[in-house]
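Let me begin by presenting the structure, written as structure tokens, before commenting on it.
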Amino acid sequence: MNPSARSPLAAGPSTLGPTGHSAPVPPGPTARLLAGWYATGRPAALPDHLRRYGPPPFTGRPAGPLVQAVEAAGLTGRGGAGFPTARKLRAVAERRGRAVVVVNAMESEPASRKDEFLLAVAPHLVLDGAVLAADAVGADVVHVCLPRTRAAQYRQLAAALDERRRARLDPVPLRLHALPHAYVSSESTSLVRWLSGGPARPQGGPPRSHERGVARRPTLVDNAETLAHLALIARHGPGWFRQAGPRDEPGTTLVTVSGAVAAPGVLEVSLGTPLGMLLDHAGGAAESLRAVLLGGYAGTWLPAEYLRTPLARHDLAALGAAPGAGVLIALPQSACGLRETARMLGYLAAHSARQCGPCRFGLPAVAGDFAALAAGRADPDLLPRLHRRTGLLPDRGACRHPDGAARLAASALRVFADDVGRHLTHGACPAAHQPPLLAVPPATPPEAWR
């Protein structure tokens, strides 16, 4: 059987949703979050959702059975950091005062479409998870945050919230918000800051959101996919959740696969699935591959010989990589990895919050050096300067944005070392003069932060 479930999407720069396929590909045993989509071939309205899952199993007991079940399940965040979800729930539940829950559906990583697709086909699974989390931490409101660039999805989700209100399904109000779209606006403190009346920029430094978040109240911020998993754990229990994935990293996850593959899209796979198998489930490589980018623009380039590596933090850590935002981009032999990396770094530099030295000066300097390297305009001091500047970015910023850019740049210098030498001595390679392969957005600063 096929050990993954795939959405019939093309992972490109435009807004995506279910396409006109007459019937989805039959799901494998790991179709959980996407099970309703594969069973019906259409997005789940509230009646469909209730027939499949029933109403959310509220307990009315903060820090009670649900937190214990999530802890036993071993659920970790699916937004990038991989923090244990039960620990976040308990940290908020143990604070004094009424809490706030925030659904982070910003998905500011340009190469990711997983949360967008999940909300398109199973919105009520995410919303169930949000109200169940509110029940578990003693919150009296849920804020759902989307980027303003997804106007159609905002309307769809507003209709889903209306369905729930008419059905009197939720014990707390759910409020939908459209936030400015920037790479750093999906950082948890950016959401807290915006919901509190400020700009959608990372806060940096204490207090943490669980201590004093939205309106100075204890706040739980969780990724949309994470909350959908929580909703299933509440219904089926931790033992069921652990039937997929390795023992030390259980469950399924959504991954957006793009680049040089025959059928790019969003996959649901068990954690621990080899990277090469993810490409196979996306139709296989469209041509011979040189490398893959794992984790998105803040991720890590890996040579193609590492495609047998499992999608699991323990295995990837040995390679200096992590699943990140659930992104896998296939780079063919015919593309220039230095040029594609330079384009990503230019975008990351343009989308920094410009609140600290590494974002205001260090990241643009690294992006500029990398652009010169990719174009073959290198001077003799460029490579040592680039290594030095890249090494100075991590652990110095107000948020982790410079760290991700440094990780991307350092991995590109390592994986494409042969190209670096050729660009330094002979100018840009022929591939650098071809049309770009990856759909990197323009390197223009965000229009607004509020």
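All of the numbers you see were taken from the coordinates with simple rules; none came from a lab. Since the structure is predicted, the reported quantities are computational estimates derived from the model, not experimental observations. Neighbour counts run over all protein chains shown; Cβ positions are idealised from the backbone, glycine included.
Observations
- Euclidean distance between Cα centres, the stretch 105-160 to the stretch 378-443, Å: 34
- Cβ-defined net charge surrounding Y53, 15 Å radius [Lys, Arg +1; Asp, Glu -1]: +1
- For the stretch 4-241, a Kirkwood hydrodynamic radius built from all Cα pairs, placed in the Stokes-Einstein relation at 10 °C and 1.306 mPa s, yields a translational diffusion coefficient of 89 µm²/s.
- Under-5 Å amide H pairs with L179, H placed in peptide plane, nonlocal only: L146, R148
- Evaluated at q = 0.12, 0.14 Å⁻¹: base-10 log I(q)/I(0), Debye formula over Cα of the chain: -1.00, -1.34
- Between the amide H of T309 and those of L275, G276, distances stay under 5 Å, these residues lying 5 or more places away or on another chain, with hydrogens modeled in the peptide plane.
- For the chain, averaging the sequence separation of C-alpha pairs within contact (under 8 Å, six or more residues apart) and dividing by the residue count gives a relative contact order of 17 percent.
- Distances between placed amide hydrogens fall under 5 Å for G259 paired with A330, all partners being 5 or more residues away or on another chain.
- Where labels lie 7 Å past Cα in the beta-carbon direction, separation of R166 and R61 in nm: 3.5
- Taking other residues whose beta carbon is less than 14 angstrom from the beta carbon of Y347, and scoring Lys, Arg as +1 and Asp, Glu as -1, yields 0.
- FRET efficiency for A375 and R396, using Cβ-Cβ distance with R0 set to 45 Å, rounded to 0.05: 0.95
- Contact order normalised by residue count of the stretch 302-420, Cα under 8 Å, 6+ apart, percent: 26
- Ordering T252, T30, T189 from the fewest to the most neighbouring beta carbons within 10 Å gives T189, T30, T252.
- Antiparallel bridges, percent of DSSP beta bridges restricted to the stretch 48-188 (to nearest 5): 10
- Residue exposure sequence - S334, S108, S188 - by fewest surrounding Cβ within 10 Å: S334, S108, S188
- Helical content alone sets the calculated 222 nm signal of the chain at -11000 deg cm²/dmol, taking -39,500 (n - 2.57) per DSSP H segment of four or more residues and averaging over every residue.
- The label-point distance for T444 and E287, in a model that sets each label 7 Å from Cα toward Cβ, rounds to 3.0 nm.
- Estimated distance in nm for a label pair at E211 and R148, the labels positioned 7 Å out from Cα along Cα-to-Cβ: 3.2
- Ordering of 389-397, 164-172 by burial proxy (mean other Cβ atoms within 10 Å per residue, highest first): 389-397, 164-172
- Most simply put, the chain has about 50% antiparallel DSSP beta bridges, counting only bridges with both residues inside it.
- Calculated FRET efficiency, D248 to A81, Cβ-Cβ distance, R0 = 22 Å: about 0.80 to the nearest 0.05.
- Sorted by Cβ density within 10 Å, fewest first, the residues E107, E249: E249, E107
- Ranked by the mean number of other Cβ atoms within 10 Å per residue, highest first, peptides 82-89, 216-223 order as 216-223, 82-89.
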